[in-house]
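Each remark here refers to the structure printed beneath this line.
The values are calculated or read from the model by the stated rules, or taken from the named source; none is laboratory data. Note that the structure is predicted; figures quoted are calculated from it, not measured. Here the Cβ is made from the backbone with ideal geometry for all residues, glycine too, and neighbour counts use every protein chain on show.
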Amino acid sequence: MDVDNLVSTYFSMGFQQREILALLSSQHGIVICARTLRNVLRRTRLYRRKNYSDMVDVACFILGEIEGSGMMHGYRMMHLKCIQQGFVVKRETVRQLLSILDPVGVAYRSARRLRRRQYSNPGPNFLWHVDGYDKLKPYGLCISGCIDGFSRNVIWLKVYSTNNNPRVIASYFIEAVKARHGCSHRIRFDRGTENVAVEQMQRFFRREENATSVLFGSSNHNQRIESFWGILRKENVQFWMNFFECLKDSDQFSGDFLDCALVQFCFMHLVQEELDNLALIWNSHRIRKQHNRNTPNGCPAILYGAPHLYGAEDHLFHCSEEDIQYCEEECHKRTYPCDKTVFELCCILMEENELQPPKNIEECKDLYLKLRQEILDLL
């Protein structure tokens, strides 16, 4: 990828010029001066403070977002979402539009803060926090996440039919390790059986180091990931909880094996797409400075990718390709989103009825109801 494309990508993520320069240097080995960067931005017509997008277009985009899980976003998150969609708009404009388009949501999001204990971490990849999230588990959707303690950068955020299978959680871990060619200095999770494989792999990678590589503690004391779960619920999961409860109230979801499998078949890809989008937005949003907190402020992606800007260093522990491949063989291959028999039956019914793969929540719901009725008629 050339410089223009890299600059365009980082600019669209909402990063400032000094942060773009730092990422180009640390992640791609490209060193350019600030003037050259400004010339690239000018040449590619990338601006923050002129050539503003049409207000109607921005309003239509926001309106579309608040009809889905975007109704949970505050104006800062929504502004970054607009930026990443290519709109040139002021944050204040987004705030005013939200107050007009979603006054009830604006009032709902005015919440008080709780005082929490101080957290200290020397740099990225020193400590990863891993945990499962079960709020959508009654509907067959099980979420697993990992977040870097120093930067609050999301390492993985996955949904699958289970988050209790240790080989599934291990597959998330190995994917993250493989992408970085290394693991964190330490990893923290609870003592649940779902974390056994990750624990063994972490100890295996760090076997030659005489150091503590695994920390255990209850989920409610796993501070970083628990804090992120609160954000996840507010920004996304509450929408899905309300949606599936509506299906349940209308007698279209019973919670049995078949209905959960159909939810997994019809909705899982859309939920994962939204989780990926939320993780991208979270990693590129700006964490405000917090008083009496021994943690840096800034974008998680910058804190993670360019820690030298904050006087920190990367603690990634290099893992050999042989070790990674050896562990990868012990992981579960997530071939089917649901039970294999239900998956194959649904594929046959879709082909027989000429049903297309769904692309949005309404199409997912229609497919779910049609497949549910077809299968119930066969029983």
Among the residues listed as 316, 278, 303, the single one being crowded, with 18+ Cβ neighbours inside 10 Å, farther than 30 Å from residue 252 by Cβ and either out of contact with any helix residue (DSSP H, G or I) (no Cβ under 6 Å at 6 or more places or on another chain) or assigned by TED's automatic domain parsing to the domain that holds residue 248 (or both): 303
Of the numbered conditions (1) modelled with pLDDT of 95 or more; (2) not polar (S, T, N, Q); (3) not in a helix (DSSP H, G or I), residue 332 fails exactly one; give the number of that condition. (1)
Could you list all residues from the range 128-159 that are outside any strand (DSSP E or B) and touching a residue at least 40 places away in the same chain (Cβ under 8 Å)? 135, 136, 138, 139, 140, 141, 149, 150, 151, 152, 153
Just to be sure before I move on: is residue 260 among the hydrophobic types (A, V, I, L, M, F, W, C) and more than 24 Å from the chain's Cα centre (by Cα) in the structure I sent? no
The condition of being more than 25 Å from residue 288 (Cα to Cα) and surrounded by 14 or more Cβ atoms within 10 Å (Cβ to Cβ) holds, among 89, 106, 40, only for 40
The range 63-77, residues that are touching a residue at least 40 places away in the same chain (Cβ under 8 Å), among the hydrophobic types (A, V, I, L, M, F, W, C) and either closer than 12 Å to residue 101 by Cα or outside any helix (DSSP H, G or I) (or both): 71
Looking at 271, 214, which one is in contact with a helix residue (DSSP H, G or I) (Cβ under 6 Å, 6 or more places away or on another chain) and either surrounded by 16 or more Cβ atoms within 10 Å (Cβ to Cβ) or under 16 Å from residue 129 (Cβ atoms) (or both)? 214
Residue 289 vs. criteria in a loop (DSSP other than H, G, I, E, B), basic (Lys, Arg) and free of Cβ contacts under 8 Å to residues at least 24 places away in the same chain: yes
Could you please tell me which pairs satisfy a Cβ distance under 8 Å, a separation of 6+ or placement on different chains, a first residue in the range 349-370 that is basic (Lys, Arg), and a second residue that is surrounded by 15 or more Cβ atoms within 10 Å (Cβ to Cβ) and not in a helix (DSSP H, G or I)? 370/355
Against the condition outside any strand (DSSP E or B), surrounded by 15 or more Cβ atoms within 10 Å (Cβ to Cβ) and within 20 Å of the chain's Cα centre (by Cα), how does residue 194 come out, does it pass? no
Extreme residue, farthest from residue 106 (Cα to Cα), among residues of the range 233-245 that are touching a residue at least 12 places away in the same chain (Cβ under 8 Å) and more than 13 Å from the chain's Cα centre (by Cα): 244
Sole residue being farther than 22 Å from residue 198 by Cβ and either touching a Phe, Trp or Tyr at 6+ places or on another chain (Cβ under 9 Å) or touching a residue at least 60 places away in the same chain (Cβ under 8 Å) (or both), chosen from 317, 343: 343
Could you tell me whether residue 270 is within 17 Å of the chain's Cα centre (by Cα), in a helix (DSSP H, G or I), farther than 30 Å from residue 347 by Cα and of a type outside the set (D, E, K, R)? no
Quick check on my filter: what residues within the range 301-329 are more than 25 Å from residue 22 (Cβ to Cβ) and assigned to a loop (DSSP other than H, G, I, E, B)? 319, 320, 329
Close pairs (6 angstrom Cβ cut-off, 6 or more residues apart or separate chains): more than 22 Å from residue 72 (Cα to Cα) in the range 216-232, surrounded by fewer than 16 Cβ atoms within 10 Å (Cβ to Cβ) anywhere: 216/191; 223/119
Please determine whether any residue of the range 86-94 is of a type in the set (D, E, K, R), within 20 Å of residue 306 (Cα to Cα) and assigned to a helix (DSSP H, G or I). no
Checked the range 28-37 for anything assigned to a helix (DSSP H, G or I) and surrounded by fewer than 13 Cβ atoms within 10 Å (Cβ to Cβ); matches are 28, 34, 35
Exactly one of these conditions fails for residue 348: (1) at pLDDT 95 or above; (2) over 23 Å from the mean Cα position of the chain (by Cα); (3) not in a helix (DSSP H, G or I). Give me its number. (3)
Is it the case that residue 121 is closer than 25 Å to residue 316 by Cβ, among the polar types (S, T, N, Q) and either modelled with pLDDT of 95 or more or in contact with a Lys or Arg (Cβ under 6 Å, 6 or more places away or on another chain) (or both)? no
Considering only the range 9-27, state which residues are among the hydroxyl-bearing types (Ser, Thr, Tyr) and either buried (at least 16 other Cβ atoms within 10 Å of the Cβ) or assigned by TED's automatic domain parsing to the domain that holds residue 285 (or both). 10, 26
